[in-house]
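First the structure, in the form of structure tokens, and then the observations on it.
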Amino acid sequence: MKKQKIIVVMPAYNAAKTITKTIGDIPKGLVNEIIVVDDHSTDDTVKVARKLGLTVFEHPNNLGYGGNQKTCYWEALKRNPDIVVMLHPDYQYDSSLLVDLVNPIINNKYDFMFGNRIHSRQEALDGGMPKRKYFFNRLFTIIANTALGLNHPEYLSGLRAYSVKTLKLVPFQRFSNDFAFDQQFMFSAVSFNLKIGSIPIPTRYYNDSSSIQWWPGVKFGLESLWVLFRLFLHQNGILKSEWFR
């Protein structure tokens, strides 16, 4: 089997304090290129990333989390990859586990992989996940699995790996520039019948890690439920959406 071309993309905003540690844990020799897209940070993220020898793109204005990812994937696809890994540069996700994350895609078992942080309530809370985030995660997962007839352990993880097939099928350029982007991507992948799998990863929240604030978090929760409802309407022929197959 030929060696897969793997590109890591990092949607960055004020990650100067954590990006070095995140990069340092990536297994040596696994990745062909690391792309950082800076969403108009107010710290030294760009300076640090360039010092690390990473490929850096800068947004002249803040586009939002989804807008940042769009640039990440557009730039990655220009390089003709086999697999693209989306890794937050805030050290919240364990980059030492990228081999386990991409191997199921390399072996053609899955098209889309994510890291599952939820193994038990105590482990998630001990890892620093705020209680309100934990309970929303569990509630949303139950609702989504029930509505879709699936059994994914969570839907809100920010550690993801995609086959190039996935990025070419899912119309991510039509999605929100906001935090709802991840749920639009996940549910769109479901609508395309892509094979989605997961690996267990630790829950890690640090003071230097980025964290969505209360009101944006409420907005994100409502938007995530709306995306799920739109998929339900689409699948039942009630209201078709360009987000889905």
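The values are calculated or read from the model by the stated rules, or taken from the named source; none is laboratory data. All values reported here derive from a predicted model rather than from experimental measurement. Using ideal geometry, Cβ is built from the backbone for each residue, glycine included, and neighbour counts are taken over all protein chains shown.
Answer with yes or no whether Ser163 is surrounded by 14 or more Cβ atoms within 10 Å (Cβ to Cβ), hydroxyl-bearing (Ser, Thr, Tyr) and in contact with a Phe, Trp or Tyr (Cβ under 6 Å, 6 or more places away or on another chain).
Working: surrounded by 14 or more Cβ atoms within 10 Å (Cβ to Cβ): yes; hydroxyl-bearing (Ser, Thr, Tyr): yes; in contact with a Phe, Trp or Tyr (Cβ under 6 Å, 6 or more places away or on another chain): no.
No; evaluated as a whole, the condition is false for this residue.
Any residue in the range 204-225 that's under 20 Å from Ala124 (Cβ atoms): show its pairings with residues that are at pLDDT 65 or above and assigned to a helix (DSSP H, G or I) at Cβ separation under 7 Å, as long as the two are six or more apart or on different chains.
Ile212/Phe220; Gly221/Phe136; Ser224/Phe140; Ser224/Gln183
Exactly one of (1) surrounded by fewer than 17 Cβ atoms within 10 Å (Cβ to Cβ); (2) touching a residue at least 40 places away in the same chain (Cβ under 8 Å) is unmet by Ser157. Its number?
If we test Ser157 against (1) surrounded by fewer than 17 Cβ atoms within 10 Å (Cβ to Cβ); (2) touching a residue at least 40 places away in the same chain (Cβ under 8 Å), just (1) comes out false.
Give the residue that is farthest from Val227 (Cα to Cα), with candidates limited to residues of the range 144-175 that are at pLDDT 95 or above and small (Gly, Ala, Ser).
Ser163
On the given criteria, is Asp111 surrounded by fewer than 20 Cβ atoms within 10 Å (Cβ to Cβ), touching a residue at least 40 places away in the same chain (Cβ under 8 Å), acidic (Asp, Glu) and farther than 21 Å from Asp178 by Cβ? Quick ask: steps written out before the conclusion?
Values: surrounded by fewer than 20 Cβ atoms within 10 Å (Cβ to Cβ): no; touching a residue at least 40 places away in the same chain (Cβ under 8 Å): yes; acidic (Asp, Glu): yes; farther than 21 Å from Asp178 by Cβ: yes.
So Asp111 does not fit the description; no.
Taking the range 193-225, which residues are over 20 Å from Arg174 (Cα atoms), modelled with pLDDT of 85 or more and among the hydroxyl-bearing types (Ser, Thr, Tyr)? Even if it seems obvious, please write down each step before you answer.
At the first step, the residues of the range 193-225 found to be over 20 Å from Arg174 (Cα atoms) are 195-218.
If we keep only those that are modelled with pLDDT of 85 or more too, we end up with 195-205.
Within the range 193-225, Ser198, Thr203, Tyr205 qualify.
Phe140: surrounded by 17 or more Cβ atoms within 10 Å (Cβ to Cβ) and under 17 Å from Phe244 (Cα atoms), yes or no?
Working: surrounded by 17 or more Cβ atoms within 10 Å (Cβ to Cβ): yes; under 17 Å from Phe244 (Cα atoms): no.
Criteria not met by Phe140.
Return the residue satisfying two criteria in turn: it lies in the range 3-46 and is charged (D, E, K, R) and in a loop (DSSP other than H, G, I, E, B), and of such residues it is surrounded by the fewest Cβ atoms within 10 Å (Cβ to Cβ).
Going residue by residue through the range 3-46, those that are charged (D, E, K, R) are 3, 5, 17, 21, 25, 28, 33, 38-39, 43-44.
Okay, now just the ones that are also in a loop (DSSP other than H, G, I, E, B), so 3, 5, 17, 25, 28, 39, 43-44.
Numbers: Lys3: 9, Lys5: 15, Lys17: 18, Asp25: 14, Lys28: 5, Asp39: 23, Asp43: 14, Asp44: 15.
Looking at residues that are charged (D, E, K, R) and in a loop (DSSP other than H, G, I, E, B), I get Lys28.
So, in the range 193-203, of the ones that are under 15 Å from Gly149 (Cα atoms) and over 15 Å from the mean Cα position of the chain (by Cα), which residue ends up surrounded by the most Cβ atoms within 10 Å (Cβ to Cβ)?
Leu194
Might you let me know whether the range 226-237 holds any residue that is at pLDDT below 95 and closer than 22 Å to Gly115 by Cβ?
Initial filter on the range 226-237 (at pLDDT below 95): 226-237.
Filter once more, keeping what is closer than 22 Å to Gly115 by Cβ: 227-228.
So far as the range 226-237 goes, yes, one or more of its residues are at pLDDT below 95 and closer than 22 Å to Gly115 by Cβ.
For the condition touching a Leu at 6+ places or on another chain (Cβ under 8 Å) and hydroxyl-bearing (Ser, Thr, Tyr), what is the one hit in Ser120, Ser95?
Criteria check complete, one pass: Ser95.
Per-residue answers, yes or no, for (1) of a type in the set (Lys, Arg); (2) in contact with a helix residue (DSSP H, G or I) (Cβ under 8 Å, 6 or more places away or on another chain):
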| position | (1), (2) |
| --- | --- |
| Lys131 | yes, yes |
| Asn145 | no, no |
| Gly149 | no, no |
| Leu156 | no, yes |
| Ala161 | no, yes |
| Ser176 | no, yes |
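Since Leu139 meets every condition but one in (1) in contact with a Leu (Cβ under 8 Å, 6 or more places away or on another chain); (2) free of Cβ contacts under 8 Å to residues at least 60 places away in the same chain; (3) not basic (Lys, Arg), which condition does it not meet?
With respect to (1) in contact with a Leu (Cβ under 8 Å, 6 or more places away or on another chain); (2) free of Cβ contacts under 8 Å to residues at least 60 places away in the same chain; (3) not basic (Lys, Arg), Leu139 is out only on (1).
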